[in-house]
1. Being in contact (Cβ under 8 Å) with a residue 24 or more places away in the chain, surrounded by 15 or more Cβ atoms within 10 Å (Cβ to Cβ) and assigned to a helix (DSSP H, G or I) narrows it down to one of 62, 123, so name that one.
2. Would you confirm, using the coordinates I've provided, whether residue 67 is crowded, with 18+ Cβ neighbours inside 10 Å and modelled with pLDDT under 95?
3. Identify, from the list 147, 109, the residue that is in the same structural domain as residue 310 (by TED's automatic domain parsing), of a type in the set (Gly, Ala, Ser) and under 17 Å from residue 52 (Cα atoms).
4. Quick check: is even one residue across the stretch 100-118 out of contact with any helix residue (DSSP H, G or I) (no Cβ under 9 Å at 6 or more places or on another chain) and assigned to a loop (DSSP other than H, G, I, E, B)?
5. Cβ-Cβ under 7 Å, sequence separation 6+ or interchain: first residue in the stretch 164-182 and closer than 13 Å to residue 150 by Cα, partner in a strand (DSSP E or B). Which pairs?
6. So, in the stretch 126-141, how many residues would count as being part of a loop (DSSP other than H, G, I, E, B) and surrounded by fewer than 18 Cβ atoms within 10 Å (Cβ to Cβ)?
7. Take residue 89 and tell me if it is on the phi < 0 side of the Ramachandran plot, buried (at least 17 other Cβ atoms within 10 Å of the Cβ) and small (Gly, Ala, Ser).
8. With the stretch 220-300 as the region, which helices (runs of 4 or more DSSP H) entirely inside it contain at least 2 residues that are touching a residue at least 12 places away in the same chain (Cβ under 8 Å) and buried (at least 17 other Cβ atoms within 10 Å of the Cβ)?
Amino acid sequence: MKASASVQPAYLIDASIYIFQAHFSPYIDYRDSHGEDLSALSGFIRFLLQFLRRENPAELAVAHDMSLFSGFRHGLCASYKSNRELPDANLAHQLKGCVQVCGLLGLPAFASRRFEADDIIGVISKRLRHAQPGKPINIISRDKDLAQLLVGKHDLLWDYQKNSKRGRTDIEDELGVSPEQIPDYLGLVGDAVDRISGVPGIGPVAARRLLQEWPTMEIIYENLTQVAELPLRGAAGLAQRLGTHRDKAELSKLLATIVVDVEDSAESFSLCDVGVLARQNLDLERLRSFLSEFAFTDADSAQLLNSAEALANRD
């Protein structure tokens, strides 16, 4: 079955992007009725309601990050994302609410203490492709690492706030490597944001040249003696650095590779039937109770319930 741009896509939402965007934004300041910060939860709910109103998706999933310092990558590398901080009590409370509210809005949501949101999206996207070949997948995130999951020609990585949609060719033009090569690329150059070291002294230009010659890091190492012969400035030193820091390169690629195969009954996302991704009815009464439980102000509650009711009536 050929992919068709006219087929409605499935949407996979990277929740943390929009939760923390609201939490840290200097332009967003929502408070509960006790004066406590509620920006992350309130901002996330508003994002979801706006997204549902604009896109009216039939199939989607929301992936949450709950694995900070407990995920399998931290077991592989102690410095991985070591620049992050655990949420304080207030934010932790809001994060739990962000997971809960998805169900009230009729949205399937998944979280894990072992796997990151990227992995949840990776596993679900693979299951979708197997069950519905050719169906476009829109990944709602601004995280470039997720571009490695753009398999189909109509798949998109969508930075929703900027309304920037990038497909396979856009990623190739931007990074100079294919989406499939992103783990190899990051294995070589590293990723300062996630504290992935890469190979010291190898930058984007050299990494792109290596991956143009040999498509994966494994094949680069199979041809390490030929690296010094590349028509590239400093090629001899490049070969030496690759040889000296092979362990770092291989670990960095592993850390940067999104998991797409998980079979673990303890992980709800890993064996979910794609039918679970069908959007359900919004539950206005439970949403009303939820907003009261989290002490939303009367004005904010009324605004959110009005938006939710308009959605429910349209559906």
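1. 123
2. yes
3. 109
4. yes
5. Sorted first by the residue in the stretch 164-182, then by its partner, the pairs are 165/156; 165/158; 166/156; 166/157; 167/156.
6. 3
7. Taking the combined requirement at face value, the residue does not satisfy it.
8. Those helices (runs of 4 or more DSSP H) span 235-244, 246-256, 284-293.
The values are calculated or read from the model by the stated rules, or taken from the named source; none is laboratory data. Nothing here was measured: the structure is a model prediction, and the numbers come from that model. For neighbour counting, all protein chains shown are included, and Cβ atoms are generated from backbone atoms with ideal geometry for every residue, glycine included.
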